[in-house]
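For reference, the structure is listed below as structure tokens.
The values are calculated or read from the model by the stated rules, or taken from the named source; none is laboratory data. On a predicted model such as this, the values are computed, not experimentally measured, just so you know. Backbone-built Cβ (ideal geometry, glycine too); neighbour counts: all protein chains shown. The protein model used for the area step is the full one, side chains on, heavy atoms only, and it has no ligands, DNA or RNA in it. Shrake-Rupley method; radii C 1.70, N 1.55, O 1.52, S 1.80 Å.
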Amino acid sequence: MTGPGTTRRRFLLGLGALSGAAALAACSNTAPPGTPAPAGTPPPTTTTTTPAPVYEGDAALMAVAAALSGLAGDLLGQAGTGAGQGRYGSVPGVVTAFLSGAAAQHVAHAEAWNRLLTNAGRPPVDGYPLIVEPALRGRLVAAVAPVDLLGLAADVTATVTATITAIASRATETSTVALAAGVAPVSAMHGATADFLLGRPPTAPTDPTAGALGPDALTV
């Protein structure tokens, strides 16, 4: 015979069984979590290399002149600045003034050569890409006295004068010849001034183009 307590226990057990079955059904109907989507692959990095400018014909002569005039201006400018700061001992004011003044004129010449290049549709020269640059900079670094600065100025301006003189005889464009004809005498004057300050007697070069740099001196 079944009593009321037994009936109540069976009823509660039945509810528990139904709750468990419902929970299992709910679990079985839930989809499993999906696999996380892989992170997007970044696009490949592309680099663009600007080709080095190519100078030919008169443009190559202009490029050499621009680079060399710019280098002369930079070296003499640094020499003049260092002299004014006492880096090379007691430097006479006339030497400092000469170095600074000559530097400014060479910089102006470099700008004029670069303008000719741009007028001809070629890019201007960036920096001083010449094979002689390391050796000339080495001389400035090694300088310790005014005589070293003047010796560097004499040699640099001699190279500029010879190079521009050679350009005047080799160029085919009127504008190139005209600029060379104006620049060469100024550079020659710088060389003569450096020689005078060094106490060297004035001499005329046997070959005005000896030591001239050609387009093969460019490193671009």
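Here the stretch 121-138 is the region considered, the condition is being open to solvent by less than 60 Å² (accessible area, probe 1.4 Å) and touching a residue at least 60 places away in the same chain (Cβ under 8 Å), and the residue that is nearest to Leu198 (Cα to Cα) is Leu136. Can we say Thr118 is touching a residue at least 12 places away in the same chain (Cβ under 8 Å), open to solvent by 20 Å² or more (accessible area, probe 1.4 Å), hydroxyl-bearing (Ser, Thr, Tyr) and assigned to a helix (DSSP H, G or I)? Here the answer is no, as Thr118 does not meet what is asked.
Of all the numbered requirements in (1) assigned to a helix (DSSP H, G or I); (2) without any contact (Cβ under 8 Å) to a residue 40 or more places away in the chain, Thr206 misses one, and that requirement is (1). Just the residues that are touching a residue at least 24 places away in the same chain (Cβ under 8 Å) and among the polar types (S, T, N, Q), please, taken from the stretch 139-177. Those that are touching a residue at least 24 places away in the same chain (Cβ under 8 Å) and among the polar types (S, T, N, Q): Thr157, Thr159, Thr161, Thr163, Thr165, Ser169, Thr172, Ser175, Thr176.
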